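K.L.:
Before I ask anything, here is the structure I am working with.
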Amino acid sequence: QVQLVESGGGLVQAGGSLRLSCATSGRVTAYAMGWFRQAPGKEREYIGRINWSSGHTFYADFVKGRFTIAKENAKNTVYLQMNSLNRDDTAVYYCAATSKSGSMTVRDYAYWGQGTQVTVSS
């Protein structure tokens, strides 16, 4: 059984940075880890993912180099570093695990964390 716990969200001023963490347990090394976000009244949106074994990362176009996904094997933790934040980045951020290669869709991710709120103020 895979368990995911996000942390690191909070209130940040526009232009600032945050690093979110996703602590994992279970046989998560068999999966790719993805990050998603959901703003009020909107659908859950794919941000990017990292392949647990290779470390290769992939990002949605809107990230435009502002976000970086990384992992720390020793801690079984995945990170989302977010820079140059703006009000449009305000959302609940989720990490998720999938066994499917190349997946960018919510339905392909079998395991989800509880989410962490990120609020960007102007």
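K.L.:
If we restrict to alpha carbons, what Rg and Dmax does the stretch 16-55 come to, in Å?
P.N.:
In order Rg, Dmax, the Cα atoms of the stretch 16-55 give 12.6, 35 Å.
K.L.:
Would you list which lysines come within 19 Å of K75, measuring only between C-alpha atoms, while excluding same-chain residues fewer than 8 positions from it?
P.N.:
none
K.L.:
Dipole size in debye (nearest 20) for the stretch 14-122 around its Cα centre, Lys and Arg Cβ +1, Asp and Glu Cβ -1?
P.N.:
Numbers: 13 positive and 7 negative charges, 30 e Å.
So the dipole magnitude of the stretch 14-122 works out to roughly 140 debye.
K.L.:
Also: So what is the accessible area of the chain per residue, in Å², with the probe set to 1.4 Å?
P.N.:
Using a 1.4 Å probe on heavy atoms only, each residue of the chain averages 53 Å².
K.L.:
Given the Cα atoms of the chain, and with Rh set as the inverse mean 1/r over their pairs in the Kirkwood sense, what is Rg to Rh to two decimals?
P.N.:
Numbers: Rg = 13.3 Å, Rh = 14.2 Å.
A ratio of 0.94.
K.L.:
Determine the gain in length on full extension of the stretch N51-Q114; use 0.36 nm per residue of separation and subtract their C-alpha separation, reporting nm with one decimal. Walk me through the numbers before you get to the answer.
P.N.:
On the way: separation 63, 0.36 × 63 = 22.68 nm, distance 2.10 nm.
Length gained between N51 and Q114: 20.6 nm.
The values are calculated or read from the model by the stated rules, or taken from the named source; none is laboratory data. Model, not experiment: these values are computed from the prediction. Note: ideal-geometry Cβ built from the backbone for every residue, glycine included; neighbour counts use all protein chains shown. Surface areas here come from the heavy atoms of the whole protein model, side chains and all, with no ligands, DNA or RNA. Shrake-Rupley method; radii C 1.70, N 1.55, O 1.52, S 1.80 Å.
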